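Here the structure comes first, spelled out in structure tokens, and everything after it is commentary.
Rule-based calculations on the coordinates, nothing more; no lab input. For clarity, every value in this text was computed on a predicted model and none was experimentally measured. A quick note on method: Cβ atoms are made from the backbone with ideal geometry, for glycine too, and the neighbour counts reach across all protein chains shown.
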């Protein structure tokens, strides 16, 4: 079924007429730099992009501008032909969520120790945007910056496809559709 959705979108996608909405976290320097790099690269390659990161001045006072930010992003999602969503979001130091893992030095249960590993989860706002796009029949392609990301089955099922690196998939000649595949990663 997913392959049918990818094929249908492949036939209907026109780079010169279709807008891409870039969904993802834009909270720390690394996230903003990546989002700007992605926006700049896609724009230089001829894609039309709605990029909330380009309007970061609104986010300087999110309480004051919350309604404007929300309404603008909804309008952009409604107007786009594709949502490109970053699926991982590592919280900044000392704010990380973690999962406890058991480490064993042998096949027995002796010698175990707890260790916390960072969890890379989609940003809650990105999750909302993905769900809204899905409800409007707008295809969502996801990507991650980190390896080993786990997705909730609802998010995984809502994607028409997953890509390893948008910079390799969105070329100036068009989208390399052979690199768009179904999410095969871990599900939680």
Sort 71, 129 by Cβ crowding within 10 Å, fewest neighbours at the top. 71, 129
What list do you get for 67, 41 if you sort them by fewest beta carbons within 10 Å? 67, 41
Fewest to most neighbouring Cβ within 10 Å: what's the order for 18, 49? 18, 49
Measure off 7 Å from each Cα along the Cα-to-Cβ vector at residue 179 and residue 75, then give the distance between these two points in nanometres to one decimal. 3.3
